[in-house]
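Before any comments, here is the structure.
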Amino acid sequence: MRTPAKVRVGDAPDTRVVGPISQTDIVRFAGAGGDFNPLHHDPGFVATSGFPGVIAMGQMQAGILAGWLSDTFGVEHVRSFGVRFVAPVFLGDTLTVGGTVATITEANGESLATLDLVASGTKGPVVTGSATVVVAAT
């Protein structure tokens, strides 16, 4: 088991940059998750949808953000994770994912940090969220 991270309120651990998002990324995620909505792979269908191009599924961005969280703090230290989808991700977009420590509290003998999370694309946030992780007592 990894040692919990040492953080303070206001800390923002190093972000992760992912992309540019390709059709292959989307197809691979669709295969893994079973989401074969034509918005994610069929340009002809997308042309009738009102979107300007193929979009990545929101769960893909949420998964990328969850990967950053678990790599940064250790999956064994994650106590909660939630997201809100705020904008689509298109082919060619590059995502920057990360978070900021909002609070640190004590509960059940653990120091818990609440993080404000964000995945941002070319035009701004695409996913926002929050997480609670165990951190080192200060």
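All of the numbers you see were taken from the coordinates with simple rules; none came from a lab. All figures in this text were calculated on a predicted structure; none of them were measured in a lab. When we count neighbours, we look across all protein chains shown, and the Cβ atoms used for this are built from the backbone with ideal geometry, even at glycine.
Structure values in brief
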read-out	value
Residue tally, condition buried (at least 18 other Cβ atoms within 10 Å of the Cβ) and in contact with a Phe, Trp or Tyr (Cβ under 8 Å, 6 or more places away or on another chain), over the stretch 40-59	5
Given (1) under 24 Å from Ala32 (Cβ atoms); (2) over 13 Å from the mean Cα position of the chain (by Cα); (3) free of Cβ contacts under 8 Å to residues at least 24 places away in the same chain, number of the condition Gly109 does not satisfy	(1)
Residues satisfying the stated conditions in the stretch 1-19, i.e. in a loop (DSSP other than H, G, I, E, B) and surrounded by 13 or more Cβ atoms within 10 Å (Cβ to Cβ)	Pro4, Val7, Asp11, Pro13, Thr15, Gly19
Residue count, the stretch 39-61 (criterion: under 13 Å from Ile26 (Cα atoms) and hydrophobic (A, V, I, L, M, F, W, C))	6
Qualifying residue in the stretch 68-88 (condition: polar (S, T, N, Q), touching a Gly at 6+ places or on another chain (Cβ under 9 Å) and in contact (Cβ under 8 Å) with a residue 12 or more places away in the chain)	yes
